[in-house]
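The values are calculated or read from the model by the stated rules, or taken from the named source; none is laboratory data. Keep in mind the model is a prediction, meaning the values are calculated, not measured. Reconstructed Cβ throughout: ideal geometry from the backbone, glycine too, with neighbour counts over all protein chains shown.
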Amino acid sequence: MFDLRRLQAPEMHSRSHALFRQSWQILDPHLVEEGPQLRPFVMLPGLLDEPLVRTPWALLPNVCTHRGSTLVEAPCQQRSLRCPYHGRRFSLAGRCEGAPGFEQLEGFPSGRDHLPEIQVEEWGPLRFASLDPGTLFQDIRAELDPWIGALVERAGQVLLREEDHHISANWSLYVENYLEGLHLPFVHPELSRALSLSEYRYETLKCGTLQIGTASAKQACLQLPKGHPLEGQRIGALYVWLWPNTMINVYPWGLSINRVEPRAADEMVVRYHTWVLDHISSRQDLSSVSQTEAEDQQIVRRVQAGMRSSLVGPGTLHPEHEAGVVAFRRRLAEALRPGSVE
Ligand code: FES
Ligand SMILES: [Fe+2]
């Protein structure tokens with residue numbers, strides 16, 4: 001079984017570079033708003049450190065194909081991307097359209113002089129991007145659609161919250177904590193009252209895991225579409241974890257996204273995006289979600305502190321209640337094997 005303490009080593013942090021490059025990452029909502037603006041950003045700072053720019057037409061490297069200057073420093077409105085170094089100009093779709101001094105050069109521009117477009121996929125209010133997709137996005141959708149496809153499409157009406165939380169712990173601890181319900185009665189007393197814990201269930205998927213929270217009496221339930229595998233049941237929430245670092249939580253009032261970004265071996269940022277069906281009725285639900293998040297952060301910090309122990313190692317996992325944790329560790333072990341590229 002993979003020992004998470006190995007991830008505390010800086011070289012293991014660097015080794016996780018490949019697995020994140022191949023994964024699908026949800027883009028921040030403000031990056032994908034409609035509009036004429038160019039929006040530069042860095043994908044996964046501290047790990048991938050990939051400089052990108054979102055234009056109205058494409059997601060592109062924010063780096064000139066000549067000698068590598070960045071193209072845009074801050075959000076701005078321009079009809080093309082002009083490099084500040086030697087004046088090379090790119091269309092907003094990434095084509096090299098002019099390069100002072102190179103006019104007579106034979107064979108210019110060639111394929112490598114244009115900016116390569118990065119694949120972006122839409123799903124309801126969410127936009128996913130991958131630098132080097134290890135899995136087809138359609139395959140992920142095919143697996144998730146029967147469970148949450150229609151719910152994601154209709155949940156994202158209003159973006160209510162976009163918030164970052166820094167946690168001094170390795171990213172894998174946050175993911176592991178998410179993957180089991182055993183901690184619910186101890187860490188989340190309020191959430192535990194809203195769910196019927198004896199009916200809490202897990203499904204292991206190829207792209208991640210699904211946890212099914214049955215609502216306790218008097219709690220609001222998801223309006224499941226016709227033909228849904230759980231049709232007719234009182235479901236309070238569906239919790240999807242997508243390998244390696246994305247969580248999609250579907251509630252009766254909307255959608256809460258958690259993206260766990262590794263910054264260093266013992267540093268992460270969790271980005272929370274909350275989409276609601278309408279502002280007013282979800283106020284109470286949102287304060288419960290924030291409370292649950294704070295409780296999870298607190299316990300993850302304690303586990304990080306426990307990682308220092310030289311006397312206590314990885315414990316026995318419950319094969320059923322912690323099946324998601326087991327699957328995560330197996331997958332990590334495989335992805336981080338020396339020389340392994342998923
Ligand atoms: S680095 Fe961009 S034109 Fe030279
Ligand atoms: Fe939790």
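Values for this structure:
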item	result
Yes/no for Gln25 being surrounded by 15 or more Cβ atoms within 10 Å (Cβ to Cβ) and either polar (S, T, N, Q) or touching an Asp or Glu at 6+ places or on another chain (Cβ under 6 Å) (or both)	yes
Residue match in region 220-236 (condition: in the same structural domain as Leu160 (by TED's automatic domain parsing), within 16 Å of ligand 2 (Cβ to nearest atom) and either at negative phi or more than 23 Å from the chain's Cα centre (by Cα) (or both))	yes
Set Val276, Val289: member being modelled with pLDDT under 95, closer than 22 Å to Tyr200 by Cβ and surrounded by 16 or more Cβ atoms within 10 Å (Cβ to Cβ)	Val289
Selected residue (only one of Gly94, Gly101 is touching a Leu at 6+ places or on another chain (Cβ under 6 Å) and part of a loop (DSSP other than H, G, I, E, B))	Gly94
Selection count where residues are modelled with pLDDT of 95 or more and either within 27 Å of Glu143 (Cβ to Cβ) or charged (D, E, K, R) (or both), scope region 183-198	2
Residue list for region 170-201, filter: outside any loop (DSSP other than H, G, I, E, B), in contact (Cβ under 8 Å) with a residue 60 or more places away in the chain and over 19 Å from Phe2 (Cβ atoms)	Val187, Glu190, Leu191, Ala194
Counted residues, region 47-69 - those being near ligand 1 (Cβ under 9 Å from one of its atoms) and surrounded by 15 or more Cβ atoms within 10 Å (Cβ to Cβ)	4
Filter result (within 24 Å of Ala9 (Cβ to Cβ), of a type outside the set (A, V, I, L, M) and either within 21 Å of the chain's Cα centre (by Cα) or part of a helix (DSSP H, G or I) (or both)) within region 280-323	Gln297, Arg301, Arg302, Gln304, Gly306
Where Ile248 falls short, out of the listed (1) surrounded by 20 or more Cβ atoms within 10 Å (Cβ to Cβ); (2) without any contact (Cβ under 8 Å) to a residue 24 or more places away in the chain	(2)
Meets criteria (more than 30 Å from Val260 (Cα to Cα) and free of Cβ contacts under 8 Å to residues at least 40 places away in the same chain) for Cys83	yes
Test: residue in region 218-230 that is out of contact with any Pro (no Cβ under 9 Å at 6 or more places or on another chain), in a loop (DSSP other than H, G, I, E, B), without any contact (Cβ under 8 Å) to a residue 24 or more places away in the chain and not aliphatic (A, V, I, L, M)	yes
Leading residue by the ranking (farthest from Trp171 (Cα to Cα)) among those in region 1-48 that are among the basic types (Lys, Arg) and assigned to a helix (DSSP H, G or I)	Arg21
Residue selected from region 147-196 under the condition surrounded by fewer than 18 Cβ atoms within 10 Å (Cβ to Cβ) and of a type in the set (Asp, Glu), by the criterion farthest from ligand 2 (Cβ to nearest atom)	Glu153
Only listed residue being at pLDDT below 95 and either more than 16 Å from ligand 1 (Cβ to nearest atom) or closer than 18 Å to Leu7 by Cα (or both), chosen from Arg234, Arg301, Arg263, Arg283	Arg283
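Table: residues versus (1) in contact with a helix residue (DSSP H, G or I) (Cβ under 6 Å, 6 or more places away or on another chain); (2) modelled with pLDDT under 95.
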{"residue": "Pro29", "(1), (2)": "no, yes"}
{"residue": "Thr65", "(1), (2)": "yes, no"}
{"residue": "Glu73", "(1), (2)": "no, no"}
{"residue": "Cys83", "(1), (2)": "no, no"}
